[in-house]
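Here the structure is laid out as structure tokens; the discussion comes afterwards.
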Amino acid sequence: MAARGAFGLLKHGRLALRPLRRGIRIVQHLACYRVPGERRRCPACASPAIDHLEPLVSGRSSFRFGFISGCRRCGLLFANPLPDDSDLETVYSPGGEWGRHRQEEQEKQVSAGRLDALFAPIRGELRVLQPPADASVLDFGCGLGGMLDAFAAAGWRTYGIDPATKLAFSRHRELTVPPAEAVFDLAILHHVLEHVTAPLSILRDLAAAVRPGGFLLVSVPNIDDLPEHGDVKYCLRSEVHVLAYTSDCLAWLLAVAGFRVVSDARAPGNPRKRVVLGRRENVPLSGPPTPLRSGRAVLARYSATHAASSHARPRWLPVRVRAAYADLKRAEWRIQR
Ligand SMILES: [Zn+2]
């Protein structure tokens, strides 16, 4: 009888401990949440001055919540954690998801009129449809070569770099990296910088490859107008478009690399995209800016004008706790084990 009573107490005690233990694990999860691979430095300027601005679900490393993080030094917004090297290899190698997607795509023709419109703001300095003799262009991330085709038709010598597909290189010269000599009149970064994890080194490499007075075209998703167009997944997500640049941020990174912004506007006919033109010259830097103000303002205006998802609320809680709670809800089955 005594033994049975002791057994009952023991059993009851274990049952009572179970919710207590679960509660402790939940509190620990909320208080100490860290995401595997979480970045502590800015992927562009390497500053440790990182703020977490919103929770962001991470698709590739499945079942985790990370952050939209921002850099107080250069203003970059980025998915945190970023894809690691094996993720990038999976997506961008020739047999990877991106390469297969590109090779299955129909080749997109770029008309002379579209090419002319992209460079309209600097028509007085560069007539893309009537280039100088021996003018050469490098398209970094040229894909299937649609834009290079338009340049070649206008009389440019055309060079491309693309690790994901080789289909452009039956018609255009292939490089694996930008040359260290300043030989190009123009470089193109057409929807590349949102995909990469070290943008400043690419900008510096292209600054070395473009002759003084030459030009760089950068097109990126337009996060400055996110509250107006509302396409947050196009601007920033954890898998493909992993970095987002406000105008302030991009201008500063271009200046650090050696390009002065001469035009920054919405893409013709598409408010989700922005086209920036830079001229190769050494730009004096006027001290560190505070461009994260723009990124914060854009995200706050977006949240105010669009229905916030449940993991974005309540906004008065620290972002890390909101991410931890969202992660807990997604992974609740794990806690129960
Ligand atoms: Zn930075």
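The values are calculated or read from the model by the stated rules, or taken from the named source; none is laboratory data. What you see is a predicted model; the values in this text were computed from it and never measured. Heads up, the Cβs are rebuilt from the backbone with ideal geometry, glycines too, and the neighbour counts pull from every protein chain shown. Keep in mind that these areas ignore ligands, DNA and RNA; they rest on the heavy atoms of the full protein, side chains included. Shrake-Rupley method; radii C 1.70, N 1.55, O 1.52, S 1.80 Å.
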Region 214-251, residues that are within 15 Å of the ligand (Cβ to nearest atom) and charged (D, E, K, R): Asp248
Hits in region 70-79 (condition: near the ligand (Cβ under 10 Å from one of its atoms), of a type in the set (Gly, Ala, Ser) and under 12 Å from Pro43 (Cβ atoms)): Gly70
Pairs, first within 16 Å of the ligand (Cβ to nearest atom) in region 26-42, second open to solvent by 80 Å² or more (accessible area, probe 1.4 Å), C-beta under 7 Å, six or more apart: Arg40/Pro48; Arg41/Pro48; Cys42/Arg73
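Every residue in region 130-176 that is farther than 21 Å from Ser219 by Cβ and among the hydrophobic types (A, V, I, L, M, F, W, C), please. Give the derivation first.
If we filter region 130-176 for residues that are farther than 21 Å from Ser219 by Cβ, which is where we start, we get 130, 132-134, 155, 157, 166, 169-171, 173-174, 176.
If the condition is that a residue be farther than 21 Å from Ser219 by Cβ and among the hydrophobic types (A, V, I, L, M, F, W, C), then Ala133, Phe169 are the ones that fit.
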Total residues in region 263-278, condition open to solvent by 50 Å² or more (accessible area, probe 1.4 Å) and farther than 30 Å from His52 by Cα: 2
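Could you please let me know if Leu129 is at pLDDT 95 or above and open to solvent by 50 Å² or more (accessible area, probe 1.4 Å)? Break it down stepwise before answering.
Values: at pLDDT 95 or above: yes; open to solvent by 50 Å² or more (accessible area, probe 1.4 Å): yes.
Against the criterion (at pLDDT 95 or above and open to solvent by 50 Å² or more (accessible area, probe 1.4 Å)), Leu129 qualifies.
Of everything in region 43-52, what is touching a residue at least 40 places away in the same chain (Cβ under 8 Å) and either more than 7 Å from the ligand (Cβ to nearest atom) or open to solvent by 50 Å² or more (accessible area, probe 1.4 Å) (or both)? Give them in sequence order. Steps first, answer last, please.
In the first step, residues of region 43-52 are kept if they are touching a residue at least 40 places away in the same chain (Cβ under 8 Å); the result is 43-45, 51-52.
If the condition is that a residue be touching a residue at least 40 places away in the same chain (Cβ under 8 Å) and either more than 7 Å from the ligand (Cβ to nearest atom) or open to solvent by 50 Å² or more (accessible area, probe 1.4 Å) (or both), then Pro43, Asp51, His52 are the ones that fit.
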